[in-house]
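Structure record follows, encoded as structure tokens.
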Amino acid sequence: MIDLTLARIAEIVGGRLADISEADAATTRVTGTVEFDSRAVTPGGLFLALPGARSDGHDFAAAAVKAGAAAVLAARPVGVPAIVVDPTPETSDRAAGVLEHDADGSGAAVLTALAKLAGAVAAELVAGGLTIIGITGSSGKTSTKDLVAAVLAPLGEVIAPPGSFNNELGHPWTVLRATRSTDFLVLEMSARHRGNIAALAAIAPPSIAVVLNVGTAHLGEFGSREAIAETKSELPQAVPASGAVVLNVDDAAVAAMAAKTPARIVAVSRERGGRDVDVWAEAITLDELARPRFSMHTGAGSVDVALAVHGDHQVSNALCAAAVALECGASLEQVATALATAGPVSKHRMQVATRSDGVTVINDAYNANPDSMGAGLKALAWMARVGGGRRRSWAVLGEMAELGDDAISEHDRIGRLAVRLDVSRLIVVGTGRTMSAMHHGAVMEGSWGAEATMVADADAALDLLRAELRPSDVVLVKASNAAGLGVLAEALVDLGPADVRDPHA
């Protein structure tokens, strides 16, 4: 974060000083990072006291200051230097869905103060030349964020969130990682309700926005795909006329957002098809690990691109990232070079590892919705089909959360898709109605006997895989994060050849 005194921070957030005099607050400066985990506090940092499932951050305030924090941003005095913001009726709803254990509104008050602080810092940095890039979409946000950070790196210092820091806590936390030496701030924006993206964009208004797609993620919250599209369109609406909006026009709902922004449109597509697009691909192929290769075209020329990430769906993500870099002054050659080495960065998102026995594990267990689940299954089927020999494919699938009334039908559809893609074995993890629907869909589509199996939990799935995996099998592990299958995928990678049964023994 930029260097600020405690007095200035209190002024920005509308807080009062506690356990520190006004004179000391005028000279004590926050020179480190802003943290909500007391174990991550750095000397000169600012600690956020937030309520959690098992403990309250206020209880760790003294430990944070002892570890070097200059002060604490809190909702009540904590016995150490603090900036205190009082809960109010206006902030009581701010943390809904972000802080599940905020009975008294203290967390909402701290989050509101955090947003004010991030907004003030962002405004100062933009005045000094910072470029802010905002990214949204129903799927692919995190992968695209990582690609954007990679293609911008040759142009200057880039700050981007680790993983999916894309809500009312992670978004301003990421903004406050930027300093006066930061050239590009890449922000990922998610939503649970209408207005969420507009609120995030107001904290750090982007000069470049990217909209990837409108799918069915969080359908249970929004009620319809049209409502999801309207919410995603809040991002391009936040970009001024002097900015640019990168739209994946292969998605009709995204293409329609061109009418909702005063900014210049940069249209991106997997194929030109006679349309007026600005960045497009031709001659798309996949290698044996489903890494795309294609020719990328713009009005200024073309270049061959070989991606280091996995899955045909990454083509659109890479094109959008390339469009951002070109807007920021990169050459086609710089973009192609950066994309060639930009592998998966965020954990549990299409991370592909091949063990010494030839078993390939696709860890895509951080998140899941019908669109990303289908993309993962297609990548699995491709790797098994073209990877050499007769490779068996395993889909280890958990629940897709927040689908509302469509949950049963969508899980049934994914079970059927696994069979249509000729996946060798399907392991359905969980025994609730949605997972029963996935298993039932696979059975009704023709997956008989042990080809489709339901197990109670990740431990049972791991036991089955440990007993039945063969060398050179390919395994996809995918679910919404709440299913906890990321640990299963990591355990599979760690299993050595001695843990895999030799079918010829």
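In table form, for the structure just shown:
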{"read-out": "Residue in the stretch 282-289 that is open to solvent by less than 60 Å² (accessible area, probe 1.4 Å) and either within 26 Å of Ala255 (Cβ to Cβ) or in contact with a Gly (Cβ under 6 Å, 6 or more places away or on another chain) (or both) present", "value": "yes"}
{"read-out": "Test: residue in the stretch 103-121 that is touching a Cys at 6+ places or on another chain (Cβ under 9 Å) and either closer than 21 Å to Thr31 by Cβ or open to solvent by 10 Å² or more (accessible area, probe 1.4 Å) (or both)", "value": "no"}
{"read-out": "Conditions (1) touching a strand residue (DSSP E or B) at 6+ places or on another chain (Cβ under 9 Å); (2) within 25 Å of Gly215 (Cα to Cα); number of the one not met by Asp304", "value": "(2)"}
{"read-out": "Qualifying position, being open to solvent by 10 Å² or more (accessible area, probe 1.4 Å) and not basic (Lys, Arg), among Gly311, Gly301", "value": "Gly301"}
{"read-out": "Restricting the stretch 302-317 to residues that are farther than 20 Å from Arg264 by Cα and of a type in the set (Gly, Ala, Ser), the residue that is farthest from the chain's Cα centre (by Cα)", "value": "Ser302"}
{"read-out": "Strands (runs of 3 or more DSSP E) (entirely within the stretch 338-418) containing at least 2 residues that are at pLDDT below 90 and crowded, with 20+ Cβ neighbours inside 10 Å", "value": "none"}
{"read-out": "Any hit, the stretch 157-179, residues being open to solvent by less than 30 Å² (accessible area, probe 1.4 Å) and either charged (D, E, K, R) or touching a Cys at 6+ places or on another chain (Cβ under 8 Å) (or both)", "value": "no"}
{"read-out": "Strands (runs of 3 or more DSSP E) enclosed by the stretch 244-327 - at least 3 residues per element that are under 28 Å from Leu380 (Cβ atoms)", "value": "279-286, 292-298, 301-306"}
{"read-out": "Scan of the stretch 272-286 for residues that are without any contact (Cβ under 8 Å) to a residue 12 or more places away in the chain and farther than 12 Å from Gly299 by Cα, ordered by number", "value": "Gly273, Gly274, Thr285"}
{"read-out": "Matching residues in the stretch 259-277 - criterion: being open to solvent by less than 40 Å² (accessible area, probe 1.4 Å) and more than 23 Å from Pro292 (Cα to Cα)", "value": "Thr261, Ala263"}
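The values are calculated or read from the model by the stated rules, or taken from the named source; none is laboratory data. Source: prediction; values computed, not measured. Reconstructed Cβ throughout: ideal geometry from the backbone, glycine too, with neighbour counts over all protein chains shown. All accessible areas refer to the heavy atoms of the entire protein, side chains included, with ligands and DNA or RNA removed. Shrake-Rupley method; radii C 1.70, N 1.55, O 1.52, S 1.80 Å.
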